[in-house]
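Here is the structure we will look at, set down as structure tokens.
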Amino acid sequence: MARVASACLFTVNFLSYIIVCHQDSSSNRSREQNSVSESSRRFRTEFLEDWPQTPGSPYFDPSTPDNVTGLVGHPVTLLCKVKNLQNRTVSWVRHRDIHLLTVGRYTYTSDQRFEAQHKQRSEEWALRIRSPQRRDSGQYECQISTTPPIGHAVYLSIVEPETEIMGGSDLFIYAGSTINLTCIVRHTPEPPNAINWSHRGKTINFDSTRGGISLVTEKGIHSSSRLLVQAARTSDAGAYECVPDNAQSASVRVHVLTGESPAAMQGKAHSFRLSSILHLIGALHFVKWCISVLVISN
């Protein structure tokens with residue numbers, strides 16, 4: 001009987017030990033699962049956006065822009081609006097070299113000019129480019145991590161401020177007529193504060209005794225400056241330069257004709273060309289006649 005009692009006591013103690021170990025193991029696994037679950041939840045909330053599950057598939061907001069224009073050296077932002085994202089992620093890809101730029105709120109490129117931007121719980125996922133250059137122009141795509149992925153293409157154009165004097169690099173006018181020069185300034189971050197003009201390297205003085213010089217300036221997205229010089233003289237000929245204070249300058253050379261008008265000169269040139277052609281035809285006929293005479297004599 002003593003042996004039976006000892007065996008029963010041993011069995012009870014052994015089973016109790018197993019139960020306690022099993023409970024400790026279950027408790028540890030539960031704590032580990034809770035820890036993993038908490039880490040996963042924090043990661044999704046902070047970086048991937050733990051959206052509440054709602055029916056339907058994610059899609060791009062129709063107001064998402066397709067084309068963006070930026071200026072060299074000035075930050076530009078490509079915007080992507082996604083509806084019903086749920087637990088998917090949004091990425092930005094550059095098409096030129098199929099380069100992954102951002103995933104969620106992470107930036108995946110070594111080019112520090114690129115940056116992922118997103119406000120928590122917002123539907124907007126932005127790609128910001130600091131100090132963009134002309135080479136950054138091209139197609140970018142905002143992608144949603146569905147199966148298969150869906151994307152929205154955005155074309156980026158990076159432009160530089162430019163200045164142009166309308167009508168080409170040379171202007172021919174007749175003495176006594178009006179010199180009319182129009183300068184256009186495009187793609188500036190803001191309208192120029194001033195657009196100055198110079199003639200032969202010297203700033204034009206509108207209060208000079210010469211008189212008859214006026215300027216009309218309009219500022220806007222495309223700013224313009226119109227220089228008028230009445231009763232042109234030979235001294236008014238030469239290089240004119242349009243100089244905005246926030247863009248490159250542009251120049252034109254003015255030729256003041258004191259003899260015949262350009263139309264008359266063109267008419268004479270045309271008559272000269274026609275006369276030359278007739279003389280050439282006559283010479284060809286003469287050569288042909290000489291050849292025929294030689295053939296007959298032989």
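The values are calculated or read from the model by the stated rules, or taken from the named source; none is laboratory data. Predicted model, so just to flag it, every value in this text is computed and none were measured. No Cβ is skipped: glycine too gets one built from the backbone with ideal geometry, and neighbour counts run over all protein chains shown. Heads up: the accessible areas ignore ligands, DNA and RNA and are worked out on the full protein's heavy atoms, side chains in. Shrake-Rupley method; radii C 1.70, N 1.55, O 1.52, S 1.80 Å.
Quick one: check the C-alpha center-to-center distance for the range 220-243 versus the range 129-150, whole angstrom.
First find each Cα centre; the distance between them is then 44 Å.
Mind checking the dipole of the range 55-98: about its Cα centre, +1 per Lys or Arg Cβ, -1 per Asp or Glu Cβ, Debye to the nearest 20?
The calculated dipole for the range 55-98 is roughly 100 debye.
Lys288 accessible area, nearest 10 Å², 1.4 Å probe?
Probe radius 1.4 Å; accessible area of Lys288 about 140 Å².
Could you report the accessible area of Asp245 in Å², rounded to 10, computed with a 1.4 Å probe on the protein chains as they sit in the structure?
90
Can you list residues whose amide H is under 5 Å from Ala250's amide H, if they're 5+ apart or on another chain and H is modeled 1.01 Å from N?
Cys242
Is the C-alpha gyration tensor of the range 114-155 telling us rounded, prolate or oblate? Criteria: a/c under 1.5 is rounded; beyond that, a/b larger than b/c is prolate, otherwise oblate.
oblate
Give me the accessible area per residue for the range 73-159, probe 1.4 Å, as a whole number in Å².
That works out to 50 Å² per residue.
Can you list, largest first and rounded to whole Å, the semi-axes you get for the range 172-223 by taking the square root of 5 times each eigenvalue of its Cα gyration tensor?
Calculated on Cα positions only, the semi-axes equal 25, 14, 10 Å.
Provide the solvent-accessible area of Tyr174, counting protein heavy atoms only and rolling a 1.4 Å probe, rounded to the nearest 10 Å².
The value for Tyr174 is about 100 Å².
Whole-Hz ³J(HN,Hα) for each residue in the range 121-129, computed from phi via Karplus 6.51 cos²θ - 1.76 cosθ + 1.60 with θ = phi - 60°, x for glycine and proline: what do you get?
Couplings: 6, 8, 8, 9, 10, 10, 10, 9, 10 Hz.
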